[in-house]
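Computed from the coordinates by the stated procedures, all read-outs in this text should not be read as laboratory data. Fair warning: this is a prediction, and the values are worked out from it, not measured in the lab. Virtual Cβ from ideal backbone geometry, glycine too; neighbours counted across all protein chains shown.
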Amino acid sequence: MYPYDFKPEQKAINFTEVFVVMPFESKYNDIFNKLIDPATKRANEILNYVGQQALSAKRTKEDILTTSGWINVLEHLLTAQIVLGVLTDNNPNVFYELGIAHIAEPKTRQILIANKGYTRLFDTKDLIYYEYEDDLQSSIEPLAFRITEAIKSYKIAEEKKINLARMLIGPHEFEIVMLFNNTPNFVLHTSPQGRIDYESTLKVRQGKDYVDGAFERHVVAIRHLCQCGLLGLNTQTKEGIVYFSYHWTELGNSVLHLMDLITFEELKKRRESLPSFFR
């Protein structure tokens with residue numbers, strides 16, 4: 001599988017995963033078992049992450065020369081909350097995977113580490129990385145700090161984006177938010193019969209006075225929410241008939257969660273069921 005053509009099965013970031021890019025050989029196991037894994041657990045304590053929210057360090061030891069192994073690596077590279085790369089010994093597989101991560105994900109979601117006295121290669125001379133000590137125990141706390149800072153930095157950037165999106169919601173868009181927040185996707189037919197059905201439903205839910213002009217303003221509001229990236233149009237064709245529905249996107253669902261209209265559990269559920277192009 002060529003990385004350019006790869007589409008991850010997971011539709012959004014796995015906020016609990018620290019994916020470790022490192023050599024497969026057993027001589028490197030201590031770096032994971034005695035440094036990275038304990039540092040991730042320590043980061044959970046600092047961030048007060050418990051239960052389903054807790055971070056976990058993961059490495060894949062499958063042969064990336066096999067199709068299944070390589071697809072597994074790509075899946076983690078593109079969806080993990082943090083990609084943690086081990087530069088030690090300048091392993092070519094590690095550098096290839098990190099190259100994919102560098103081009104696909106923001107640097108705020110990446111942490112690089114290397115052994116004390118690591119010799120940089122020319123192409124990596126400007127990369128920022130943490131040098132761990134020979135005594136791995138002494139490096140747990142500093143690495144945990146870097147993991148927590150990466151998480152906090154990413155959360156700040158995401159919160160800014162979500163708050164900005166919320167500010168684009170006007171009065172008519174707010175009507176759509178309040179009418180359809182309780183479902184991950186909905187349909188608004190613009191055919192004459194569709195309009196009649198829609199207005200009849202609104203009349204039952206909202207009253208006759210509310211219905212006047214509601215269809216027109218809701219059509220415009222949905223278009224604006226699509227332009228803002230909070231809604232997206234999904235279509236499917238079966239036996240020559242095109243079926244469509246509007247889905248709350250990943251950004252849209254995050255805004256609904258910020259507004260306390262859906263729970264965190266519902267947010268996770270919707271992320272997992274989103275069509276891939278709404279990621």
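Our note on the geometry: Cα centres of the range 2-36 and the range 232-279, 27 Å apart. Partner lysines whose Cα lies under 17 Å from the Cα of K125, excluding those fewer than 8 positions away in the same chain, are identified as K107, K116.
Beta bridges per DSSP, both residues in the chain: antiparallel share near 40 percent. The angle between the Cα long axis of helix 67-79 and the longest principal axis of the Cα atoms of the chain comes to about 70 degrees, rounded to the nearest 10. Please compute the contact order of the range 100-223 in relative form: average sequence separation of alpha-carbon pairs under 8 Å and at least six residues apart, divided by the residue count, as a percent. Relative CO of the range 100-223 lands at 19 percent. Taking amide hydrogens as placed 1.01 Å from N in the peptide plane, the amide H of E17 sits under 5 Å from those of S56, Q81, I82, each at least 5 positions away in sequence or on another chain. Among V21, V187, sorting on how many other beta-carbon atoms sit within 10 Å of each Cβ, with the fewest leading, yields V187, V21. The string of couplings for the range 121-131 from the Karplus curve (6.51, -1.76, 1.60, θ = phi - 60°) is 8, 4, 6, 10, 5, 9, 6, 8, 8, 9, 8 Hz, one whole number per residue in order, with x for Gly and Pro.
Charge tally around G207: other residues with Cβ under 14 Å, Lys/Arg +1 each, Asp/Glu -1 each, net -1. Residues considered: E239, E216, E158. Largest GNM mean-square fluctuation over the chain, using C-alpha springs under 10 Å, is found at E239.
Sequence-distant contacts, meaning Cα pairs under 8 Å at least 6 residues apart, place the relative contact order of the range 168-278 at 27 percent. Each other residue within a Cβ distance under 10 Å of G117 adds +1 if Lys or Arg and -1 if Asp or Glu, for a net charge of -1.
Checking [x] 46, 20, 15; [y] 29, 21, 19; [z] 33, 19, 17 against semi-axes √(5λ) of the Cα gyration tensor in Å calculated from these atoms, the matching label is [x]. Taking the longest Cα principal axis of the chain as reference, the axis of helix 37-47 is set at about 50 degrees. GNM remark for the chain: springs join alpha carbons under 10 Å apart, and the peak mean-square fluctuation among K155, K208, K34 falls on K208. Taking θ as phi - 60° and the Karplus parameters 6.51, -1.76 and 1.60, the scalar couplings of the range 246-260 work out to 9, 10, 5, 6, 4, 5, x, 5, 5, 5, 4, 5, 4, 7, 6 Hz in sequence order, x denoting glycine and proline. Calculate how steeply helix 171-180 sits against the longest principal axis of the alpha-carbon atoms of the chain, using the helix alpha-carbon long axis, and give the answer as 0 to 90 degrees to the nearest 10. Taking the Cα atoms of the chain, the angle to 171-180 is about 80 degrees.
Under a model in which nothing but the beta-carbon of Lys, Arg (+1) and Asp, Glu (-1) is charged, the chain shows a dipole of about 520 debye around its Cα centre. Here K61 and Y129 are evaluated by their C-beta separation; at R0 = 22 Å the FRET efficiency comes out at 0.45. Relative contact order for the chain using alpha-carbon pairs under 8 Å, separation at least 6, rounded to a whole percent? Dividing the mean separation by the residue count of the chain yields 19 percent.
Each residue in T148, T119 was given a count of other beta-carbon atoms within 10 angstrom of its own, and listing them fewest first yields T119, T148. Charge tally around K155: other residues with Cβ under 12 Å, Lys/Arg +1 each, Asp/Glu -1 each, net +1.
Per-residue ellipticity at 222 nm, computed for the chain from helices alone with -39500 (n - 2.57) per DSSP H run of at least four residues, works out to -14500 deg cm²/dmol.
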